[in-house]
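Taking it in order: structure first as structure tokens, then the write-up.
The values are calculated or read from the model by the stated rules, or taken from the named source; none is laboratory data. The structure displayed is predicted, hence computed values, not measured ones. Cβ: placed from backbone, ideal geometry, glycine included. Neighbour counts: every protein chain shown. To get the accessible areas, we keep the full protein, side chains included, count just its heavy atoms, and leave off ligands, DNA and RNA. Shrake-Rupley method; radii C 1.70, N 1.55, O 1.52, S 1.80 Å.
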Amino acid sequence: AGTSAAVLPADLAAPGGPRLLARSALESAGRIDLLVAGAGIGWAGPFASMPHDAIDGVLGVDLAATLHLVREVLPAMVAAGRGRVVLIGSVAGCVGVREEAVYSAAKAGVAAFAEALRQELRGTGVGVTLVVPGPVDTEFFARRGVPYRRAHPRPTSPETVARTVWEAVTRPRDEAYVPGWLTLPGRVRAVAPGLYRRLLHRFG
């Protein structure tokens with residue numbers, strides 16, 4: 001509210017899509033201070049029945065497009081000595097969710113990329129934030145063709161995620177979970193992997 005905006009459409013799944021979007025943004029605004037890489041698609045079902053083109057699609061949008069987009073905007077940020085890259089991960093990338101194997105793998109890749117890139121950018125003035133939400137109440141599940149059926153965690157509103165992103169940028173923070181208690185599964189996995197897997201097998 002109270003700001004202007006320029007809408008710059010681009011298909012991040014298409015070859016050259018990330019480059020087109022980054023160049024359009026630079027031409028429109030003159031600089032990029034903040035990148036929020038949040039594009040993502042899903043697919044649910046047993047991995048053995050997942051079509052090969054669906055595997056490529058999820059990895060292409062959720063992981064490869066994110067990396068290419070960051071690669072396009074990063075040199076200008078480093079040259080300016082300021083900026084922040086926000087990567088939208090998922091709790092699926094932390095715990096691995098059954099029947100969402102490729103989505104989980106893609107988001108785990110985003111998390112590892114965030115950690116590695118953060119180390120590379122130390123001292124440049126450019127920061128990296130990984131935001132890790134649980135399910136979010138958007139059209140994501142309808143578009144993947146399978147509704148969200150789990151009782152817990154309950155879907156979070158997009159406004160809550162957006163607020164968390166902004167707070168993580170302005171503080172700034174390296175990581176933020178939405179809701180905050182989602183840090184718990186990772187901690188249980190680290191200290192008691194056997195218990196963690198028993199809980200995972202039971203609750204998914």
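See the values below:
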read-out	value
Qualifying residue in the range 20-43 (condition: open to solvent by 30 Å² or more (accessible area, probe 1.4 Å), free of Cβ contacts under 8 Å to residues at least 40 places away in the same chain and part of a loop (DSSP other than H, G, I, E, B))	yes
Filtered residue count, the range 54-71, keeping only those that are closer than 12 Å to Pro18 by Cβ and open to solvent by 70 Å² or more (accessible area, probe 1.4 Å)	2
Unique match (being open to solvent by 20 Å² or more (accessible area, probe 1.4 Å) and closer than 18 Å to Val58 by Cα) among Glu120, Glu167, Glu99, Glu175	Glu99
Residue among Ala151, Ala105 that alone is closer than 23 Å to Arg197 by Cβ, open to solvent by 40 Å² or more (accessible area, probe 1.4 Å) and more than 15 Å from the chain's Cα centre (by Cα)	Ala151
Residues being part of a helix (DSSP H, G or I) and modelled with pLDDT under 95 - total across the range 81-103	4
Residue within the range 46-53 that is of a type in the set (Ser, Thr, Tyr), open to solvent by 40 Å² or more (accessible area, probe 1.4 Å) and modelled with pLDDT under 95 present	no
Residues of the range 26-43 that turn out to be of a type in the set (A, V, I, L, M) and more than 25 Å from Lys107 (Cα to Cα), as a count	2
